[in-house]
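Single-structure report; data block below.
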Amino acid sequence: MRTRRPKTRKNITPAQFRNFIFQGRAVFTLENADTGNYLTYKIRQIKKSGKVVPNQFKVECKSLGDKEYGYQFLGFLDIAKVTFKPWGRTSRDHIGYKTLYWMLRNLEVLEKYTNLSIYHEGACCKCGMPLTTPESIDQGIGPICMDRMLGGSAQIMKDLGTWDDLLSYEENVKKALKVDPTLWSKIHVPDHIKVSDDHKGTRILGRLGIL
């Protein structure tokens, strides 16, 4: 009889979460330390005919005490058009629906909510495979997917004409962001690089306050 390997839940910072959430197969839990309540979300990129649909995601949620004992489909998120289309059966009063809106509007300032804990559920946010190495568990993404993500980000900066082989990845990111602040939403930004108030609006979810 095969036994299923237990998942390794890991706390991640808001900065890590912003890089994590839209990689394609993110599963994460938000916990309110004051009340002990928590919600687990799946935000997965949509595929049609086996191909990824850019910027299109479906959102599911499982809440503490949910009598359905499973995930509820909430709707579709388009991070290019900055819109969320609720599923027809989703109640606007559902805690998962209301928390999703709150999270998207406050994504850039989650650090100020000290009672909020964020956990990934032990699976790579990009491919969904179980995380096994200490570094990948800490980041929420596997080493192969991380290399691919960094490679794709480097290529974007090369296409922009800002990449310098003599500089570190972090130094190249800082340089590129000065030239094109919209890259905040297009490349992997190291956790400790802080977005300035002037540039918060250039990140995709910084504009979701219109929802």
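The values are calculated or read from the model by the stated rules, or taken from the named source; none is laboratory data. Computed from a predicted structure; not experimentally measured. Please note that ligands, DNA and RNA were not included when accessible areas were found on the heavy atoms of the full protein model with its side chains. Shrake-Rupley method; radii C 1.70, N 1.55, O 1.52, S 1.80 Å.
Once you've got the Cα coordinates, tell me which of Lys42/Lys186; Lys85/Lys126; Lys62/Lys178 are over 32 Å apart.
Pairs exceeding 32 Å: Lys62/Lys178.
Amide H of Gly75 versus every other amide H placed in the peptide plane: which residues, excluding those fewer than 5 positions away on the same chain, fall under 5 Å?
Under 5 Å from the amide H of Gly75: Val59, Trp87.
At 20 °C and a viscosity of 1.002 mPa s, what translational diffusion coefficient does Stokes-Einstein give for the stretch 36-117, taking Rh as the Kirkwood radius over Cα pairs? Give it in µm²/s as a whole number.
154
For the stretch 91-192, just the Cα atoms, rotate onto the principal axes and tell me the three extents in Å, largest first.
Projected onto the principal axes, the Cα atoms of the stretch 91-192 cover 51, 33, 26 Å.
From the protein chains alone at 1.4 Å, what is the descending order of accessible area for Trp184, Trp163, Trp87, largest first?
The most accessible residue leads, giving Trp87, Trp163, Trp184.
Need one number for the stretch 2-145: average projected area of the convex hull over its C-alpha atoms, nm².
10.2
Determine the equivalent ellipsoid of the stretch 71-149 by diagonalising the alpha-carbon gyration tensor, then write out the semi-axes as square roots of 5 times the eigenvalues, largest first, rounded to whole Å.
27, 17, 13
I'd like the carbon and sulfur percentage of the solvent accessible area for the stretch 25-124, probe radius 1.4 Å, heavy atoms only, ligands and nucleic acids excluded.
The computed percentage sits at 49.
Remind me, relative contact order of the stretch 27-162 in percent, using alpha carbon pairs under 8 angstrom and six or more residues apart?
In percent, rounded to a whole number, it is 19.
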